[in-house]
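A short write-up of the structure that comes next.
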Amino acid sequence: MIDRLLAFFKAPEDHETPLPETDARHALGALLVRAAKADHLYLFEEVQQIDKVLAERNGLNPVEAAKMRASCEKLEAEMPPTEELATILKTAVSDAEKEATVAALWKVVFADGIEHENEDELLHQIEAVLGVSPATAKRFHDEAAQT
């Protein structure tokens, strides 16, 4: 009983949540979070869009998607450069999934209704790593901008 009481009073940093396994699903989530934060803002609309993408792509209910996003937020903050996250996806998913990833990333970027130069640069970097052609990426950009 004393141990439980002492554990209760430990500093929050003593209770770190472990990082999720860096699989393709979590790499996608971390990239979505990174894209949303590229403009140095992380708005509710972007969080909603990330949850929607995670739910649709992984067959999750809203609560499960929010929990996965929270794990991906932690992963994104601790992860190496964007190229390494994108490389995880590149080696683990099909070409169709790579394109779906780029489309989802553009939807997150436009979720707040504003496109920033930092977001463009980040997404072009991810597109190049994933091997999505500039023409295809431009189509996804334009589709996301119109929704």
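Only the coordinates and a few stated rules stand behind these numbers; no lab work does. Since the structure is predicted, the reported quantities are computational estimates derived from the model, not experimental observations. Here the Cβ positions follow ideal geometry from the backbone for every residue, glycine too, while neighbour counts run over all protein chains shown.
A few remarks follow.
- Which listed pairs, of K37/K138; K37/K107; K74/K98; K37/K74, have C-alpha distances above 19 Å, in listed order: K37/K138; K74/K98
- Using only side-chain charges placed at the Cβ, +1 for Lys and Arg and -1 for Asp and Glu, the dipole size of the chain relative to its Cα centre rounds to 420 debye.
- Average Cα contact separation per residue, the chain, under 8 Å, 6 or more apart, as relative contact order %: 29
- Solvent-free Debye scattering, log10 I(q)/I(0), computed from the Cα coordinates of the stretch 22-146 at q = 0.21 Å⁻¹: -1.25
- Our helix-only sum for the chain, with -39,500 (n - 2.57) per DSSP H run of n ≥ 4 divided by its residues, gives a mean residue ellipticity at 222 nm of -23000 deg cm²/dmol.
- Taking 0.36 nm per residue of separation and subtracting the current Cα-Cα distance, fully stretching the chain between F44 and A96 would add 15.9 nm.
- Full extension of the chain segment joining D142 with H124 gains 5.1 nm, where the gain is 0.36 nm per residue of separation less the Cα-Cα distance.
- For V132, net neighbour charge (Lys/Arg +1, Asp/Glu -1) across residues whose Cβ lies under 11 Å away: 0
- Taking the C-alpha atoms only, the angle from helix 44-58 to the longest principal axis of the chain is near 90 degrees.
- Nearest 10 degrees, 0 to 90: helix 134-146 Cα axis against the chain principal axis: 70
- Across the options I126, Q49, L60, the greatest Cα extent toward the positive end of the charge dipole of the stretch 22-146 (unit charges at beta carbon of Lys, Arg, Asp, Glu) belongs to L60.
- Cα long-axis angle, helix 95-109 against the chain (0 to 90 degrees, to the nearest 10): 80
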